[in-house]
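Okay, structure first, notes after.
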Amino acid sequence: MTGPITQSGHHDFFAFYSAATLIREHQPQLLYDSQALTTLERQIFPHPTGYAGYMPFLNPPAAAAVLSPLALLPEQSARLVWLGINVAAAITCGLLLTSGRDVRIRVFTTVALLASFPAFQALVEGQWSFMLLLAGLGALSAARRGKPLLAGTLIGVFWLKPPLLLFVLVWLLVTRRWRIAATAVVAVVAITIETLPWTGIASDINYIGYLGGVSLAHVAGAGAAGTTTWEGALPNMEGLIGLPATIVGQQNAIAVDLITGAIAAALVAFFVIATRPHLLERPLHRRYAVAAVALGLLLDPHLYAQDCVLIAVILAVVLPATRSLRAQVAAVITVVTVMDLSALDTLSVEYAFLRPPHLLTIALIVSIFSLVWPEKNRLAAQLLGHAASPLN
């Protein structure tokens, strides 16, 4: 974070700073223009970066408006300010996860979360991951306290990563939490309208088209099988798409799509069949909630290691049912260990360090089957307890 920029370093913040600069210079229509972003980023670091030679801005225009004050600072200073904001968000996440508990478990959880590999990735890249986790934990807490409007407003923050917002909305609709879902949609519309004086309607229209292009890129090889709107390394993804992309190569786009689609369809079908009699129960059993988190992350087509901090949501489901300090520590260690499988996956993909690849992906798949298997599954019951968790 404080050393000189290198070509092999972490460059996601280039896109954030460039987007902020375009807002400050009243050029929001160029937020998704590769040439404009490349020009700005080369002023920061005069060498190609990323898979496509520059770092694209993948978030909605409203996010660029939020970031725009950072453009008042030099890039290195802005990076450090943004780092401080994200560290504060990460610490707040740890405290929210352990609210009302022994100070020892609060400190342990916060330190373990910050020391995880996904946390390192999120902080060094300057990504939104901890903001998303903070919003998710806040929404869960608000829903538990019977405040659906606040919960929905916080879920609107997931518009930063549209696929994640889509999966959360689907879950809310399936479980008939209409007010929360409706409020989330209203929140997205509201923030889009409120930032229009800085972003302009043209940038939002551009973003819709760009988002469609990025979505198509994921099923067309993401630049490995021809030019696409977005180009990136699919094997680095921790979602389902990363596993076949690593095994057969992302240049074999059709094979990757078929394998990914087959696994996704099987997982969704199994989850729906196994949980359908229970999804409308109030309160919802913890096993199904944890499995739903795992399924949503697996289906995310753009799940890099940094966003695996969202696995910590599982602690918000499990910790309320644990009483002893030892059980709480064990839960934290288990969840953080699963998160840190992403470090082995990164080494595997980048340096052929370990085979088979994508241990985190495989672990999430196994967790879904073990958690939602019919009631005779005693292992899941022992791990998560027989009492239900108040997830209303």
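The values are calculated or read from the model by the stated rules, or taken from the named source; none is laboratory data. Every value quoted in this text rests on a predicted model; they were computed, and no experiment measured them. When we count neighbours, we look across all protein chains shown, and the Cβ atoms used for this are built from the backbone with ideal geometry, even at glycine. Quick note on the areas: whole protein, heavy atoms, side chains included, nothing else; ligands and nucleic acids left out. Shrake-Rupley method; radii C 1.70, N 1.55, O 1.52, S 1.80 Å.
For this structure, a couple of remarks:
- Euclidean distance of C-alpha centroids, segment 302-337 and segment 124-151, integer Å: 15 Å
- Residue with peak Gaussian network fluctuation, the chain [Cα springs, cutoff 10 Å], from Gly152, Gly213, Gly221: Gly213
- Under a Gaussian network description of the chain, with springs only between Cα atoms under 10 Å, the residue in Glu125, Glu281, Glu231 that fluctuates furthest is Glu281.
- log₁₀ of I(q)/I(0) at q = 0.14, 0.26, 0.30 Å⁻¹ - segment 224-278, Debye sum with one point per alpha carbon: -0.44, -0.98, -1.15
- Whole-Hz ³J(HN,Hα) from phi, Karplus 6.51 cos²θ - 1.76 cosθ + 1.60, for segment 33-40, glycine and proline x: 8, 4, 5, 5, 5, 4, 4, 5
- Computed from Cα positions, the angle between helix 178-194 and the longest principal axis of the chain comes to roughly 20 degrees.
- Highest-MSF residue in the chain out of Ile254, Ile368, Ile311 [GNM, Cα springs under 10 Å]: Ile254
- If the chain linking Phe270 and Ile201 were pulled fully straight, counting 0.36 nm for each residue of separation and taking away their Cα-Cα distance, it would gain 20.7 nm.
- Potential lengthening of the chain between Ser99 and Thr334 amounts to 82.7 nm, from the contour at 0.36 nm per residue minus the alpha-carbon distance.
- Here the calculated FRET efficiency for Leu166 and Gln43, from their Cβ-Cβ distance with R0 = 45 Å, stands at 0.80, rounded to the nearest 0.05.
- Per residue value of the accessible surface for segment 142-250 (all protein chains in place, 1.4 Å probe), Å²: 45 Å²
- Mean separation of Cα contacts under 8 Å, 6 or more apart, over the residue count of segment 202-251: relative contact order %: 26 percent
- Shape analysis of segment 286-340 yields a ratio of the Cα radius of gyration to the Kirkwood radius, Rg/Rh, of 1.00.
- Segment 1-80 - accessible surface per residue (Å², probe 1.4 Å): 44 Å²
- On full extension, the segment bounded by Leu347 and Leu149 gains 67.0 nm, given 0.36 nm per residue less the C-alpha separation.
- Of the peptides 52-65, 182-195, the ranking by mean beta-carbon count within 10 Å, highest at the top, reads 52-65, 182-195.
- Taken about its Cα centre, the chain carries a charge dipole of roughly 1780 debye when the Cβ of each Lys and Arg holds +1 and the Cβ of each Asp and Glu holds -1.
- Pairwise Cα inverse-distance average, inverted: Kirkwood Rh of segment 158-207 (Å): 11.8 Å
- Estimated translational D of segment 1-148 in µm²/s (Stokes, Kirkwood radius over Cα pairs; 10 °C; 1.306 mPa s): 95 µm²/s
- Cα-centre dipole for segment 120-236 with unit charges at Cβ (Lys and Arg positive, Asp and Glu negative), debye to 20: 720 debye
- With contacts taken as Cα pairs under 8 Å at a separation of at least 6 residues, segment 232-342 carries a relative contact order of 27 percent.
- Placing unit charges on the Cβ atoms of the charged side chains and taking the dipole of the chain about its Cα centre, the candidate lying farthest along the positive direction among Pro163, Ala90, Ala78 is Ala90.
- With every protein chain in place, the chain: carbon and sulfur % of accessible area (1.4 Å): 68 percent
- The mean sequence distance of close C-alpha pairs (under 8 Å, at least 6 residues apart), as a share of the length of segment 96-214, puts its relative contact order at 17 percent.
- Counting only DSSP H runs of at least 4 residues, each contributing -39500 (n - 2.57), and dividing by the residue count of the chain, the helix-based mean residue ellipticity at 222 nm comes to -20500 deg cm²/dmol.
- As an equivalent ellipsoid, segment 126-173 spans semi-axes of 18, 13, 7 angstrom, where each value is the square root of five times an eigenvalue of the C-alpha gyration tensor, largest first.
- Per-selection Kirkwood Rh - the chain (Cα, Å, 1 d.p.): 21.7 Å
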